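A quick write-up on the structure given underneath.
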Amino acid sequence: EEQCRYWDLCEASELQGLRQFLQSLGDNGAAFITKTCKQGINALHRACVVGDLELASLLLEFRADPDVQAKDSYSALHYCSNSGFDDLLLFLLQHNANYNATTSDEDYYVSGTALYMSGGQTPLHLAAANDNTECVRTLLRWVKEESGSDSSALAYMNQKDLDGNTAFDLAVTAKAVETAELLMPKNPLHLQRCGIDSWPPTDEWITKKRTETAKIQQRRIVAEKENKKQEELKHIKDNYSPLHRILVDDHITQEEVIDLLISKEIGKLLKGSDASLANLKWLEPTPGVFLIPEFFSPEAVRMLKSECDNFLDSDLPKARPNISVPFGFKLDRTGLFNTWLHHLQKGVVEKIGKLLIPNLPELKSSETFVKHYFHGKDTKPSTHYDPSELTFSICLGEDFTGSEVYFHEVQPEDDSCGCSKRVPHPKPCSECKLVLPQQVGQAVFHIGRHIHGVFPLTSGERMQMIMW
């Protein structure tokens, strides 16, 4: 309640009420000033975003730290420089804010679109990139006066972000000519060194520069993500204690995987010739949807379910299947189960898939995950199709009712399927070609573009393993 009161006062800029509130908290007032809202910023950050000098002054009076960085790695100075509030920028500098603070690489989303913020940027970079000339002027003047030399200001101007850009470079690519001229060194050879033939630069030069920056940025993003992935995989491998060591055995063979998971009769056919596999029995209750009852043995189902539960119960990092189903994880992203998953894909799923769908292309990659549904917690039905050539799905239990899978038609290649056929619904509709009860151990094969969804559970919990 006190925190809500604090944020209400800050957002309304009720300075007198805020002062009285912070005074009433005594030494605890400083703790409130450091708290962040759900956007990951504190009250001083917000004051700098909207340019509220009086609010910022009050917060600094109560010992707010101007160098604390928000979730997006911006400091108060970064927000001022980004928004162009040069009076507030100067005020923060006078209160010892660090003009050399740099950002980190950050991913964030706006209206579902992924955006990327380059790291290594000082407040000067942001002021230049946003054509905030007065902020640039204030920062350069402050650096020069504080250091007492032009060389310090020049070094500040020449500082590069992680993409290799100076503040001048960012001003140029933003077509902020006046700001760029303010940042341009007096050396007449500077433009030549930057590859600029004329001033102001041509649109062609700016486009080329932006493209070069994007390529540098993309290479760094890929490298950073790969490094992070490898660190995470090593952490998981070093710290996970499996219930069934055979599932994390990197040397398990394809034949051993078939013996371990597949019911005996089907396993014999898989280990035999193509002619023997032709004797496999399946059901096709609607065109393009194939069922094989008792595909995994009961022992295999129990083993996989217990191992998945064991990993879910651990405090190790987990890549979730998707936003709509937060309970579950991607098996292939753990680095633990990839050998038997590969054998399952190539020696079982793809082999049977080509029998069921003769024109099925080679499956060059796969993604495997488990979804864990709970009664009262599973999300609303989602009518969709999969980004896969072939989808293999198998129920791992346990005790539940409801949660049937429904199938509509196949999504056309040109995506011309009517919206009415993609609307989520909690019970069968006129577009449903098949409503399929889930059976433990039963395998379902269908092409990825077959539109389908899942009804809510009416009791219990259910775990499903899916391979694309």
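The values are calculated or read from the model by the stated rules, or taken from the named source; none is laboratory data. Since this is a predicted model, take the numbers as computed values, not measurements. Don't worry about glycine lacking a Cβ; one is built from the backbone with ideal geometry, like all the others, and counts go over all protein chains shown.
Assorted remarks:
- Flag for LEU331 being modelled with pLDDT under 95, farther than 23 Å from PRO456 by Cα, among the aliphatic types (A, V, I, L, M) and surrounded by 15 or more Cβ atoms within 10 Å (Cβ to Cβ): yes
- Checked against (1) closer than 21 Å to SER73 by Cβ; (2) over 29 Å from the mean Cα position of the chain (by Cα); (3) modelled with pLDDT under 90, VAL222 passes all but condition (2).
- Taken over the range 169-224, the residue count meeting the criterion of being part of a loop (DSSP other than H, G, I, E, B), among the polar types (S, T, N, Q) and in contact with a helix residue (DSSP H, G or I) (Cβ under 9 Å, 6 or more places away or on another chain) is 2.
- Residue ID - surrounded by the most Cβ atoms within 10 Å (Cβ to Cβ), chosen from residues in the range 447-464 that are in a loop (DSSP other than H, G, I, E, B) and of a type outside the set (A, V, I, L, M, F, W, C): ARG449
- Counting only residues that are assigned to a helix (DSSP H, G or I), out of contact with any Gly (no Cβ under 8 Å at 6 or more places or on another chain) and over 15 Å from MET184 (Cα atoms), the range 123-151 holds 9 of them.
- Residue in the range 86-103 that is assigned to a loop (DSSP other than H, G, I, E, B), buried (at least 22 other Cβ atoms within 10 Å of the Cβ), of a type in the set (S, T, N, Q) and in contact with a strand residue (DSSP E or B) (Cβ under 7 Å, 6 or more places away or on another chain) present: yes
- Criterion (crowded, with 21+ Cβ neighbours inside 10 Å, in contact with a His (Cβ under 7 Å, 6 or more places away or on another chain) and farther than 27 Å from LEU162 by Cα) met by exactly one of LEU55, LEU60: LEU60
- The requirement of being over 20 Å from HIS452 (Cα atoms) and touching a helix residue (DSSP H, G or I) at 6+ places or on another chain (Cβ under 8 Å) is fulfilled nowhere in the range 366-381; no residue meets it.
Residues checked against (1) assigned to a strand (DSSP E or B); (2) more than 26 Å from GLU299 (Cβ to Cβ); (3) in contact with a Pro (Cβ under 6 Å, 6 or more places away or on another chain); (4) modelled with pLDDT under 90:
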residue	(1), (2), (3), (4)
SER393	yes, no, no, no
TYR406	yes, yes, no, no
GLU413	no, yes, no, yes
CYS417	no, yes, no, yes
PRO424	no, yes, yes, yes
LYS427	no, yes, no, yes
GLU431	no, yes, no, yes
PHE445	yes, no, no, no
ILE466	yes, no, no, no
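- In the range 191-219, the residue that is nearest to ASN310 (Cα to Cα) out of those that are at pLDDT 90 or above and among the acidic types (Asp, Glu) is GLU212.
Conditions (1) surrounded by fewer than 20 Cβ atoms within 10 Å (Cβ to Cβ); (2) part of a helix (DSSP H, G or I), marked per residue:
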position: LEU25; (1), (2): yes, yes
position: ALA30; (1), (2): yes, yes
position: LYS38; (1), (2): yes, no
position: PRO66; (1), (2): no, no
position: SER81; (1), (2): no, yes
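- Search result, residues across the range 292-306 that are touching a residue at least 40 places away in the same chain (Cβ under 8 Å) and within 13 Å of LYS264 (Cα to Cα): PRO293, GLU294, PHE295, PHE296, SER297, PRO298, ALA300
- Conditions (1) exposed (fewer than 11 other Cβ atoms within 10 Å of the Cβ); (2) under 30 Å from VAL444 (Cβ atoms); (3) of a type outside the set (Gly, Ala, Ser): number failed by GLU284: (1)
- Residue in the range 13-22 that is outside any helix (DSSP H, G or I), among the hydroxyl-bearing types (Ser, Thr, Tyr), surrounded by 14 or more Cβ atoms within 10 Å (Cβ to Cβ) and at pLDDT below 90 present: yes
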